[in-house]
Structure formats: C-alpha cells, structure tokens
Amino acid sequence: MANVLWMHGGACNGNTQSFLNAEEPTAVDLVTDFGIRLLYHHSLSMEFGNQVHQMLDSILAGAIPLDIFVFEGTVIRGPNGTGHYDMFLDRPKKDWVWELAHMAQYVVAIGDCACWGGIPATKPNPSESVGLQYLKGEKGGFLGADFRSKAGLPVINIPGCPAHPDWVTQILVAVATGRAEDVMLDELQRPQTFFKTFTQTGCTRVQYFEWKEPVEEFGQGTRKGCLFYEQGCRGPLTHSPCNRILWNRQSSKTRAGMPCVGCTEPQFPFFDLAPGTVFKTQKVLGAIPKEVPQGTDPLSYSVHAAVARAAAPKWAKEDMFVP
Ligand code: SF4
Ligand code: SF4
C-alpha cells in the first residue's frame with residue numbers, strides 16, 4: 001500500500017481533470033489494483049478543514065508515512081515572499097509544501113506549473129510563482145537544486161499543459177509498486193520513457209514535413225501538409241509522446257490540424273522568447289523558419305529545405321486528406 005497525498009497550488013486544476021480521463025490504467029485502477037491509498041486530494045476527497053489539518057499534522061509528525069507527494073500548480077510565494085496570496089489551513093501553502101516534500105519518499109510534479117512555473121510564472125509573474133525544482137529552464141525552483149526526497153530522488157517532473165493522464169497514472173503505478181528506480185529521468189527530470197522523443201514522432205503529417213509542404217491556412221483539419229512552415233508547429237522542437245500515446249486514445253493536436261505549441265518544455269508559453277510565435281512561424285529572410293528542428297543549423301536546414309521542396313513528388317502537393 002502506497003500513501004499518496006495530492007495538493008495543488010497556483011493552478012487551473014486542468015491536470016486533475018486530465019488525470020480523471022486516464023485509461024491505462026484508470027484513476028480508479030490505481031486504488032483497486034495498484035495499492036494506492038489516496039490520503040487527500042483537493043477535488044476528490046470528502047475530508048476538509050480540521051480533518052485535513054489533523055491528517056497533515058500526523059504526516060509531519062511521522063505518524064502517517066507519506067510515500068508519494070503529488071503537487072499540481074505553482075508554488076505561490078507572493079506578496080514579497082510571504083506566500084499570503086495562497087493560504088491553506090491557516091498557513092501559507094508554500095510552508096505546507098516545503099514540509100510535506102521533505103517528509104515524502106517521492107515527490108512528483110504534475111503539469112507545467114508544478115514543474116517549471118508554467119503560465120503563472122511568466123513575466124511579470126505577480127504571484128511570484130515558481131515550480132517545485134525549476135523556474136522555467138533554470139534549476140532550483142522552490143525546493144532548491146539539491147533537493148532529494150527521502151528515497152534519494154529529485155522531483156519527478158511530468159510536464160504538460162495539462163499532462164496526458166496516462167503519463168501520470170503510469171508513473172504513479174511505477175513508483176507505488178517499487179519500480180521508481182526504473183523511471184529513468186532526463187536532464188530536466190522528466191521520465192525518459194515519455195519525453196525522450198519529439199512530438200513529431202508518429203505525426204501523420206511527417207511525410208509533408210520531409211517534402212516541405214505546408215498547410216497554408218490555419219484550421220485545415222486533416223487536409224494535407226505540415227504545420228511547421230506557416231502555423232508555428234513546435235513538433236520538431238518539443239519532447240512529448242503526443243503522437244505515440246494518443247489523447248483520448250484517438251488523436252493528437254497535430255493529427256487533427258492543430259499546431260503543437262510546445263507545452264511540455266520549460267519555456268512554454270514562449271512569450272519571453274519569441275512574441276507572436278504561437279500559430280505563426282517566425283521567419284528569417286522571409287522564408288526560413290527562425291527556429292529549425294533540434295539538431296540542425298539554420299544554414300544547412302535552409303539548403304536542405306530548398307532541395308526537398310524542389311524535389312517534392314506530385315502526391316505531396318495533391319489536395320487529399322490524411323487520416
Ligand atoms: S505537423 Fe508538426 S509534428 Fe506534424 S510533421 Fe509537421 S512539424 Fe512535425
Ligand atoms: S502536441 Fe504539443 S502542445 Fe499539444 S499536448 Fe502535445 S506537447 Fe503539448
């Protein structure tokens with residue numbers, strides 16, 4: 001049996017909504033089949049007020065073991081570092097987070113806000129929001145760069161805006177069943193099994209990416225073409241399995257004609273880096289995408305693109321639908 005406590009800070013609750021849509025395994029499976037005991041969840045639990053206070057006090061006193069501390073949303077430190085913008089049970093929530101994280105065997109950050117600060121931490125960041133162990137791409141965050149949970153791991157980051165539900169349930173099952181050491185983390189503390197590949201992997205438009213055939217207009221649905229050249233798709237720049245583990249087991253944004261906006265990366269929503277990037281590809285010299293796929297340089301990419309476009313076969317330009 002693994003005790004799980006799930007709290008949320010500065011958040012829209014989207015990761016909880018996403019979590020409830022999990023299918024492999026479902027949220028209920030966690031309890032019935034995988035030995036997870038949910039001590040408290042801000043939206044799902046019946047307990048409130050003094051009942052929660054007593055339970056948290058028991059955890060901090062060591063009377064109730066805390067196996068997994070899940071946090072959704074930012075840690076709000078404002079105003080002026082007091083945390084008074086986000087109070088919980090008569091204390092700044094940030095103080096609860098600090099103490100609970102240090103009592104937990106494992107700490108799991110769900111969604112961009114908990115991982116990196118997300119949208120609330122975007123400048124000017126009036127709530128002084130921060131992620132658990134990062135602020136955007138900078139390591140440290142609320143708990144500090146050297147933080148390790150009792151089991152010796154840093155915060156396990158499962159980013160996304162929101163995170164895909166199956167990423168969440170599969171990692172919780174792995175940790176709860178004693179396989180946390182198998183969860184290999186990348187340099188941003190994300191499980192490699194989900195975040196080693198690019199969003200583009202598995203996209204049904206990838207042949208049009210190769211032949212540099214763009215979708216000309218926003219909202220062409222499944223009509224032919226790649227969303228990278230005109231619509232600002234960040235599929236070749238973003239690490240996620242959105243085209244391997246489909247959303248609702250049905251589709252993905254890019255399959256449905258919606259550009260990837262890079263929501264699993266620390267700099268999301270990219271307002272600091274490139275204003276206007278969303279849904280519009282920024283160009284150099286009017287033709288070359290300003291941001292080229294990772295692993296290429298702009299010059300060799302532009303040469304390759306020109307050759308590929310000239311050599312594109314007839315079918316790549318035909319007006320047809322792709323599944
Ligand atoms: S639509 Fe996006 S993810 Fe799909 S092939 Fe084009 S750039 Fe890659
Ligand atoms: S396709 Fe891109 S923006 Fe959409 S959920 Fe996946 S990583 Fe996020």
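Computed from the coordinates by the stated procedures, all read-outs in this text should not be read as laboratory data. All values derive from a computational prediction rather than experimental measurement. Cβ coordinates were reconstructed from backbone atoms using ideal geometry, including for glycine residues, and neighbour counts include every protein chain displayed.
Observations, loosely collected:
- Between the Cα long axis of helix 50-60 and the first principal axis of the chain there is an angle of about 90°, rounded to the nearest 10.
- Potential lengthening between LYS196 and THR177 on full extension [0.36 nm per residue; Cα-Cα distance subtracted]: 4.5 nm
- Among the cysteines of the chain, those whose beta-carbon sits 4.7 Å or more from every other cysteine beta-carbon are CYS12, CYS113, CYS115, CYS203, CYS226, CYS233, CYS242, CYS260.
- Cβ-derived FRET efficiency at R0 56 Å, TYR301 paired with ASP90, nearest 0.05: 0.50
- Average 1/r across all pairs of distinct alpha carbons in segment 2-193, invert it, and you get the Kirkwood radius: 16.4 Å.
- Gained length - GLU23 relative to ALA61, 0.36 nm times residue gap less alpha-carbon distance: 10.1 nm
- Panel order for THR74, THR177, THR16, THR193, by other beta carbons found within 10 Å of each beta carbon, from fewest to most: THR177, THR193, THR16, THR74.
- Over all Cα atoms in segment 197-323, the spread is summed up by Rg and Dmax: 13.9, 40 Å.
- When DSSP beta bridges are restricted to pairs lying wholly in the chain, around 40% turn out antiparallel.
- Acute angle (nearest 10 degrees) that the helix 298-311 long axis makes with the longest principal axis of the chain, alpha-carbon atoms: 50
- Efficiency of FRET from Cβ geometry, ASN80 and LEU38, R₀ 30 Å, rounded to 0.05: 0.30
- Value of relative contact order over the chain, rounded to a whole percent, pairs C-alpha under 8 Å and six or more apart: 15
- Near the amide H of ASN243, within less than 5 Å, lie no amide hydrogens of residues on another chain or at least 5 residues away, with H placed in the peptide plane.
- Summary of packing: across the peptides 159-166, 96-103, the per-residue average of other C-beta atoms within 10 Å ranks them, highest first, as 159-166, 96-103.
- Cα-based helix-to-principal-axis angle, 93-103 vs the chain, degrees rounded to 10: 80
- Taking the DSSP bridge list for segment 2-193 and keeping only pairs wholly inside it, about 30 percent are antiparallel.
- Here the peptides 291-299, 132-140, 247-255 are ranked by packing, the mean other Cβ count within 10 Å, and the order with the highest first is 132-140, 247-255, 291-299.
- Options PRO126, GLY78, GLN231, ranked by Cα towards positive dipole end of the chain, top entry (Cβ charges): GLN231
- Per-peptide average of other Cβ atoms within 10 Å, ordering 194-204, 306-316 highest first: 194-204, 306-316
- Mean projection of the Cα convex hull over all viewing directions, computed for the chain: 17.4 nm².
- Once the Cα-Cα distance is subtracted from the 0.36 nm per residue extended length, the GLN54 to HIS102 segment shows a gain of 15.5 nm.
- Proximal aspartates and glutamates to LYS280, defined as alpha-carbon separation beneath 16 angstrom and excluding residues fewer than eight positions away on the same chain: GLU213, GLU216, GLU217, GLU230, ASP272, GLU291
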